[in-house]
Amino acid sequence: MKTKVKELRTAAGLTQQQLAKAVYVSARTIISIEKEQYSPSLMLAYRIAKLFGTTVEDLCCLEENKRLEDQKYEELS
């Protein structure tokens, strides 16, 4: 799932390790989220969103991700 984690993290001048520590996960988790290899849990997305002063919807690009998922389902129909 596409997110804005890397964009927001770099804009805030944080390392992956610093962000991970602030939201109680490993740096590997942050790396995986940024590489779109792992989707954060709702609680983790909420923690990250609160830290950056944004919403979960914006952080997780929910409208864009929904549109992409809808296209996949439509292609299967």
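The values are calculated or read from the model by the stated rules, or taken from the named source; none is laboratory data. Keep in mind the model is a prediction, meaning the values are calculated, not measured. Heads up, the Cβs are rebuilt from the backbone with ideal geometry, glycines too, and the neighbour counts pull from every protein chain shown. Please note that ligands, DNA and RNA were not included when accessible areas were found on the heavy atoms of the full protein model with its side chains. Shrake-Rupley method; radii C 1.70, N 1.55, O 1.52, S 1.80 Å.
Structure notes:
- Candidates per chymotrypsin sites (Phe, Trp or Tyr not before Pro) in region 6-77, loop by DSSP, up to 16 other Cβ within 10 Å: TYR24, TYR38
- Using only side-chain charges placed at the Cβ, +1 for Lys and Arg and -1 for Asp and Glu, the dipole size of the chain relative to its Cα centre rounds to 540 debye.
- Accessible area per residue, Å², the chain with all protein chains present, probe 1.4 Å: 70
- Long-range HN-HN contacts of CYS61 with modeled amide H, under 5 Å: LYS4
- Proximal charge balance of ASP70 [Cβ under 12 Å; K/R count +1, D/E count -1]: -2
- Viscosity 1.306 mPa s, 10 °C: Kirkwood-radius Stokes-Einstein D of the chain over Cα pairs, µm²/s: 123
- Cα-based shape type of region 19-63, given that a ≥ b ≥ c are square roots of the gyration tensor eigenvalues and the cut on a/c is 1.5: oblate
- Accessible surface of the chain [probe 1.4 Å, protein heavy atoms]: carbon and sulfur percent: 51
- Straight-line cross-link reach from LYS4 at under 20 Å between alpha-carbon atoms covers these lysines, not counting any fewer than eight positions away in the same chain: LYS21, LYS35, LYS50, LYS66.
- Lys/Arg +1, Asp/Glu -1 at C-beta; the chain dipole; positive extreme among GLY53, VAL25, MET43: VAL25
- Neighbourhood charge, 13 Å Cβ-Cβ cut-off, centred on THR54 and excluding it, Lys, Arg +1 and Asp, Glu -1: +1
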